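The values are calculated or read from the model by the stated rules, or taken from the named source; none is laboratory data. Please read these numbers as outputs of a predicted model, since none were measured by experiment. Quick reminder, even Gly has a Cβ in these numbers, built from the backbone with ideal geometry, and neighbours come from all protein chains shown. Remember, those area values only see protein heavy atoms, side chains included, never the ligands or the DNA or RNA. Shrake-Rupley method; radii C 1.70, N 1.55, O 1.52, S 1.80 Å.
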Amino acid sequence: MPTTAATPRGDGRAAPLGSAGILLLSVALLWPAVSGGAHVGWPLAATQLLVLAALLAWTLGMALRGRLEWRRTALDLPLGLLVLLVLLQLAIGNGPLRDWALQPPGPEPAALPSRFLALGTVSPAQTGRSLLLFLTYAGVYALVVNLVKRRRDLDRLVRVLLLAGSVLAFLSLVDYLSRDAWLFWWRQGPAGPRLSGPFVNPDHWAAWLVMLICLGLGYLAARSARGSGSSSPASLPPSPSARETALRRYLPAFGVAVMALAAVLTLSRGALLAALVAGLLLLRGLTRVRGLRWSLVLTAALSAVTLGYALWIGIEPLLARFGTSDHLSRWAQWRSSLPMLVSFPVLGVGLGAYKDVYFRFQPPALLPGRVYFPYAHSDLLQLAIETGPAGAALFLWAGWRVARDLVGAHLFGRGRCPVTRDDRTQRSDPFSVGILLGSLGAVAALLAHSAVDFSARIPADGVLGAACLGIATVAAHTRFGSSGARSLDATRSRSLGAGILARSATGAAAIALAAVLVPLIVEPATARSAAATVEELTRALASTPSDPYLHERLAWALELETTGEPARAGEQRRAALA
């Protein structure tokens, strides 16, 4: 009796925490877009704190229930190994590069070694911050997979994302057509000739919109399929209440059209490539799934509307974008980045540390010292450079496992799901299949865009892509029925018992871990301006020894010290020249 009585009380207290976790997750998905991408400063810190709070609410809810649960996915092992790889980079550090940068002055300045074999990361501080961002993406994925268990929750999450995307797209159109940035007054930088919404970069705004367009198309197919009990959009039911229900059901189509118009006005070439790749995948999926083939008509209609938008504004601005010379500089950057794979052939330059070492490989045509390239303009290339052969292999393996799981086993019924022993894993429920196709299209669009840009490095795009991958996982691995939902994959669980001691200890451990992570998240947002003393610049150079700007600032600081210490002027000047 005591055990039975304790469980309902725990469940009753845990339910609000579960709802709070979903609410915090929804805010964490929308806040980065509203704040301009959340790529730096307090917007980034707020995004990470929201995800941390959602993870804490989820963990405390499980502690109150007295059972820890983890829903297995195909990405568990690859993500765990990637985190271990980055931790290995941090553990090895940048010793060889640091020794080169801080060696005593000699008769000739020491040249940068051509190859580093025993190097973990060029900049441990930057790799630590990038690891936190990567864990933020992984946290969003884990929250979606483990918190969204019912069809109602999945439907609500998708509708919230589509509604927010439609509203932001409409406001961005008003802001763009008025030619006065009064709606998104907090946006950094002046308004340009391309629509950028609340984002700084129009291309990243386009990537966000294209992902939601794909998700919206899948949602429309899910809600409008014949098997879902809805009527055809060609004829409205005669009953007023039925007509209202049908109109509300197809209202997301209007939101998708608005987002398509906004995406066209961004004039983003990468978004056009992403939309093409995702559209082909969606069309192939719709043609292979019985009950969703008629949705091709809806997809074709929306595509025709988007083409009409392009013809309405004129295709000359978009064609002019293809005629610009910036793609030549991008090719030059990619070619000059390839030697980094040879110079750092084991563990790469370190996650996120590309910007701290590319100075050394930047060709004269790209104006080194005047033009700064913090990203490679290709997330896929940059990822291979930053994590080395091991990291590239792990990401390829992760992609293969996801494709084998979601596309092969659950969409087309080919092969076996890697996280379940059930041989009958092919989905036939139109709702699940539609959501699965739409969210997979969103992930494919982000990958295609990331091949020619750095969209995945922007938290607004990264967390949305992680959420879409989680939505696809939930839709593929859950059978939704009138009596409830049943998970197809194995769920690992551990009982904490009926006593309060184990539950309290688990909750306290979760709170303590969150308290440790908060300063790490907030510190970059509260960082002061760069130090100017020789001691502080030396410490900064030890952290990022490949940064030529730090070398230059340290040289000037040492030169200035010669005026205050004439006796050491010769020694200080030799150190400055070194």
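What net charge is computed for the residues neighbouring Ser343, neighbours being all others with C-beta under 11 Å from the C-beta of Ser343, Lys and Arg scored +1, Asp and Glu -1? Local net charge: +2. What is the local net charge at Gln48, summed over the other residues whose Cβ is closer than 12 Å to its Cβ (Lys, Arg +1; Asp, Glu -1)? Residues close to Gln48 contribute a combined charge of 0.
For region 52-121, the solvent-accessible area of protein heavy atoms averages 49 Å² per residue (probe radius 1.4 Å; ligands and nucleic acids excluded). Each 10 Å bin from zero up to the one holding the largest Cα-Cα distance in region 344-496 carries the following percent of pairs: 10, 30, 27, 19, 9, 4, 0.
Per the 1.4 Å probe, what fraction of the accessible area of region 324-457, in percent, lies on carbon and sulfur atoms? Carbon and sulfur together cover 64 percent of it. The packing ranking of peptides 349-361, 514-526, highest mean first, is 349-361, 514-526, where packing means the average number of other beta carbon atoms within 10 angstrom of each residue.
Sorting the segments 455-465, 50-60 by their residues' average number of neighbouring beta-carbon atoms within 10 angstrom, most packed first, yields 455-465, 50-60.
For region 154-200, applying the loop criterion from DSSP together with a ceiling of 12 other beta carbons within 10 Å to the trypsin sites (Lys or Arg not before Pro) yields Arg179. Solvent-accessible area assigned to carbon and sulfur over region 75-223 amounts to 65 percent, based on a 1.4 Å probe.
Close amide H partners of Arg67, meaning residues 5 or more places away or on another chain with modelled amide H under 5 Å apart, are Leu496.
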